[in-house]
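These notes are about the structure you will find just below.
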Amino acid sequence: MSKPEKIVAIKGMNDILPSDAPLWELFENTTETILKSYGYQKIVTPIVEQTSLFSRAIGAVTDIVEKEMYSFEDSMNGDQLTLRPEGTASVVRAVLEHNLVYDGPRRLWYKGPMFRHERPQRGRYRQFFQFGAEAIGFSGPDIDAELIMMCRRLWDDLGIENVRLELNSIGNAEERQRHRADLIAYLEQHDSILDAEAKRRLHSNPLRILDTKNPAMQEMVNAAPRLLDYLGEESLAHFNGVKFLLDQNAVQYTVNPRLVRGLDYYNRTVFEWVTDALGSQGTICAGGRYDPLVETFGGKATPAVGFAMGMERIIELMKAMGEPAEPNQCDVYMVHQGEKAQLQAFILAERIRDAGLDVVLHCATPAGAGSFKSQMKKADGSGAAFAVIIGEDEVANETAAVKTMRGEIGEQQQSTVPFLEVVDYLVDQITGAHVHDEHCGHDHDHVHKH
């Protein structure tokens with residue numbers, strides 16, 4: 001019988017392996033803590049939505065809708081469906097469907113996988129994970145600044161450095177329309193310089209030409225009419241209000257007149273957090289105001305603003321900054337030798353977990369249970385604060401050997417503790433000495449004694 005062919009993951013859709021899981025957990029836990037501190041609430045939307053949701057929100061003449069969406073027909077009823085390529089449209093759909101803003105504005109956050117059929121490269125994948133925040137029902141510049149401040153707090157808490165903020169205002173529809181007419185006229189005068197992509201977008205989405213990365217077009221684009229010069233009094237006041245609040249909080253930024261964002265629903269404030277540490281995929285967080293979107297979906301006019309950040313890119317940045325990907329750490333690793341010791345270790349592990357501690361029990365493999373020495377290597381590799389060791393002597397004496405694992409070699413201690421006192425001993429050691437806080441990166445406020 002021939003050996004079955006090995007099945008591998010789809011190109012651009014990656015596994016998150018245990019070695020990277022601690023970094024993901026650190027990022028997620030830190031982000032969720034910060035969002036909660038600003039009053040944001042979690043919302044979860046389906047991965048699959050009606051295709052029309054995204055074509056209406058994002059814009060039919062965009063790369064996402066034209067080339068990148070994973071869309072298909074439901075074989076059961078013929079519905080046109082799409083794997084979500086971004087999160088904002090789904091959140092706004094849910095807000096309208098469930099009338100979430102009937103009693104006032106909402107601060108919401110989400111996380112989860114998104115899907116775009118792009119050419120895979122570092123920091124850009126076909127299935128990627130996003131963390132996003134949406135503030136719906138707020139009209140002032142203060143909420144725009146709050147979202148930006150929230151991002152800066154995240155970079156500080158994660159220890160991420162050398163990330164810069166780029167800021168712009170793209171005004172309202174009328175202002176963009178006046179600018180659009182002059183921009184098209186200007187670009188037509190430089191038709192010989194435009195590349196094929198720019199020519200394709202000239203009359204459908206000329207703003208995106210300003211964001212070109214083509215070196216041959218840079219000088220021409222830099223001299224193009226600036227949207228900032230077309231802003232009216234109200235749009236300027238809003239933009240100046242955002243900048244004032246950032247200045248008062250010592251947030252450094254650069255006004256980038258060419259920053260336009262790629263989705264049709266944006267207006268007024270747009271921003272990006274950018275790094276040079278990830279090559280061409282330097283934008284790690286982007287967002288802005290999208291006041292027209294709720295009305296586009298059939299709701300009454302409702303102001304809104306938000307951001308989204310690519311989790312893979314931030315994990316890459318954390319690695320580049322030297323953030324250690326430590327093993328999944330626990331409080332206690334159970335080491336045992338012999339059938340009676342194994343049973344006692346199994347029972348004792350459950351009692352320790354009842355007290356709120358994390359326990360890894362050494363279990364047999366096809367090669368057997370392993371020697372004490374090999375089990376202690378496993379205990380050390382687990383990152384456990386303590387190893388609880390049970391052998392024939394311990395079973396006979398109804399005691400366990402409890403060994404500290406995290407101190408220097410000379411500081412490691414081993415104590416003999418009666419079975420009935422092991423749980424209280426471990427709880428006292430871990431909560432009293434703060435071993436777990438220092439070495440495992442999360443607290444155990446829920447720990448209790450029997």
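Just so it is clear, none of the values below were taken in a lab; they were calculated from the coordinates. Bear in mind that the values here come from a model prediction, so they are computed numbers and not experimental data. Don't worry about glycine lacking a Cβ; one is built from the backbone with ideal geometry, like all the others, and counts go over all protein chains shown.
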Along the Cα→Cβ direction, 7 angstrom out, place labels at Gln189 and Glu68. What is the inter-label distance in nm? 3.2 nm
Share antiparallel - DSSP beta bridges, the chain, percent rounded to 5: 80 percent
If packing is taken as the average count of other Cβ atoms within 10 Å, what order do 26-38, 310-322 fall into, highest mean first? 310-322, 26-38
Over the stretch 108-259, what per residue volume does the convex hull of the Cα atoms give, in whole Å³? 161 Å³
The stretch 332-440, dipole about Cα centre (Lys/Arg Cβ +1, Asp/Glu Cβ -1), debye to the nearest 20: 420 debye
Separation between Cα centres of the stretch 171-216 and the stretch 1-48, rounded to whole Å: 37 Å
Would you work out the relative contact order for the chain, in percent, from Cα pairs under 8 angstrom that are 6 or more residues apart? 14 percent
GNM on the chain, C-alpha springs below 10 Å: top fluctuator among Thr404, Thr365, Thr88? Thr365
Would you work out the Kirkwood radius for the stretch 332-440? I mean one over the mean of 1/r across all pairs of different Cα atoms, in Å. 13.9 Å
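Under 8 Å for C-alpha pairs, at least 6 residues apart: give me the relative contact order for the stretch 272-417, rounded to a whole percent.
The normalised contact order for the stretch 272-417 reaches 18 percent.
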What's the magnitude of the charge dipole for the chain around its Cα centre, counting Lys and Arg as +1 and Asp and Glu as -1 at the beta-carbon? Answer in Debye, nearest 20. 1300 debye
Going by how many other beta carbons lie within 10 Å of each one, how would you line up Glu421, Glu118, Glu272, fewest first? Glu421, Glu118, Glu272
Given the C-alpha atoms of the chain, compute the convex hull and give its volume per residue in Å³. 221 Å³
May I ask what percent, to the nearest 5, of DSSP beta bridges between residues of the stretch 332-440 are antiparallel? 55 percent
